[in-house]
Amino acid sequence: MAEIEFDGSSGPGAGNRWWDQFHLRPGTTGHWRVGPLRLWIRRDPRELWVARETAPEGEEDVLAVEIPARAPAGSRASVTRYAVREGHDIFRLEPALADRPVVVDAEHAFFVPPGEEAILYLSAPLWYRLRVAQTGAILEDVPLRRPSDTWFGPTTLTGELCYAMTTSAQLDLESLPPRPHCAVSAVQVHNGGTERLLLEKMKLPAPNLSLFATPAGLLWTETLHVRHEEDDQPATVRLGGGPPAAAGPAEPIAGPRQGLRKGIVVEALGTLFGRQPG
């Protein structure tokens, strides 16, 4: 299998796209390496055989696709089997965002002074969906790497269960390396108050966001626009119509897991920043 470094400019297939529709004839295996995930899919008579394995540390930027391929031999892959009728040999791999909000913890205290603006670039973990193309049935909805769990809220009784990301927010897009198992989210923050705004922890509302793809295969969410005007009031948050201009041309490829009615956007997203319970 040919391996490449995921650099946002070259790769197998169309740019760096690991998601696509594919045809597996009976007895054929496909192999995908998407960051830390190794995925094998084999079409057998009347069933689909799926094996998953996590790659060793240091191989998170690898992206490769091979069809046909050899099935894993002697590996510690986790295997799942699905009943799929004969003749249904066309399948799709699709990217998706997390099914819970994702908390990004800044490595260092970061402040937005009064009257200042900042655009923060965050990594968002990705899931993959395996779908039978002929019926639309989703067989798997699995993280490419499962994030750890964390609690986001002022107390252990008030808040919600989220995922945690170890990456930090970046002001310079070039400082956030693109990885095939992550999308990029831009958060534009405007501080119109009289006190500095501390961005200690940021809760990315992943289930409410859509995914966009660039021609090179980079995945983005729409921009979150945050305005903080009154020191004693929560910030207002709205979702942009797409990713920021820095992303370049991008087309929508996946809608949100959970839609937001216009009247509850602020209520749902207004707790973007917060502290963990001690």
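The values are calculated or read from the model by the stated rules, or taken from the named source; none is laboratory data. Given the structure is predicted, the values throughout are model-derived calculations rather than measurements. For neighbour counting, all protein chains shown are included, and Cβ atoms are generated from backbone atoms with ideal geometry for every residue, glycine included. To get the accessible areas, we keep the full protein, side chains included, count just its heavy atoms, and leave off ligands, DNA and RNA. Shrake-Rupley method; radii C 1.70, N 1.55, O 1.52, S 1.80 Å.
Inside the range 82-112, can you point out the residues that are open to solvent by 20 Å² or more (accessible area, probe 1.4 Å) and part of a strand (DSSP E or B)? Correct list: Y82, A83, I90, R92, E94, D105, F111.
What do you reckon, is L122 touching a Ser or Thr at 6+ places or on another chain (Cβ under 9 Å) and either in a strand (DSSP E or B) or open to solvent by less than 50 Å² (accessible area, probe 1.4 Å) (or both)? Criteria met by L122. In the range 44-52, the condition of being open to solvent by 60 Å² or more (accessible area, probe 1.4 Å) and out of contact with any helix residue (DSSP H, G or I) (no Cβ under 7 Å at 6 or more places or on another chain) is met by at least one residue. Here is the figure for the range 16-74: residues that are within 20 Å of the chain's Cα centre (by Cα) and not in a loop (DSSP other than H, G, I, E, B) total 15. Residues that are at pLDDT 90 or above and among the basic types (K, R) were ranked within the range 7-40; the one that is least open to solvent (accessible area, probe 1.4 Å) is R33. Just one of (1) surrounded by fewer than 18 Cβ atoms within 10 Å (Cβ to Cβ); (2) within 17 Å of the chain's Cα centre (by Cα); (3) in a strand (DSSP E or B) fails for V187. It is (1).
Conditions tested, residue by residue: (1) buried (at least 17 other Cβ atoms within 10 Å of the Cβ); (2) in contact (Cβ under 8 Å) with a residue 24 or more places away in the chain.
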position: R42; (1), (2): yes, yes
position: T54; (1), (2): no, yes
position: A64; (1), (2): yes, yes
position: R76; (1), (2): no, no
position: T80; (1), (2): no, yes
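Exactly one residue out of R76, R81 is at pLDDT 95 or above, basic (K, R) and out of contact with any Pro (no Cβ under 6 Å at 6 or more places or on another chain), and it is R81.
Within the range 125-147, if we keep just the residues that are part of a strand (DSSP E or B) and more than 14 Å from the chain's Cα centre (by Cα), the residue that is surrounded by the fewest Cβ atoms within 10 Å (Cβ to Cβ) turns out to be I138. Mind counting the residues in the range 126-146 that are under 19 Å from L161 (Cα atoms) and touching a residue at least 60 places away in the same chain (Cβ under 8 Å)? Residues meeting the conditions: 3.
How many of the residues making up the range 228-247 are more than 14 Å from L120 (Cα to Cα) and assigned to a loop (DSSP other than H, G, I, E, B)? Result for the range 228-247: 10. Selection of first residues in the range 147-171 that are over 17 Å from L97 (Cβ atoms) and in contact (Cβ under 8 Å) with a residue 12 or more places away in the chain and of second residues that are basic (K, R) and open to solvent by 30 Å² or more (accessible area, probe 1.4 Å), restricted to Cβ pairs under 7 Å at least 6 apart or on distinct chains, gives the following pairs, ordered by first then second residue: P154/R275. Once the range 151-175 is narrowed to residues that are part of a loop (DSSP other than H, G, I, E, B) and at pLDDT 85 or above, the residue that is surrounded by the fewest Cβ atoms within 10 Å (Cβ to Cβ) is D172. For the range 194-209, filtered to residues that are open to solvent by less than 10 Å² (accessible area, probe 1.4 Å) and in a loop (DSSP other than H, G, I, E, B), the residue that is farthest from A124 (Cα to Cα) is L199.
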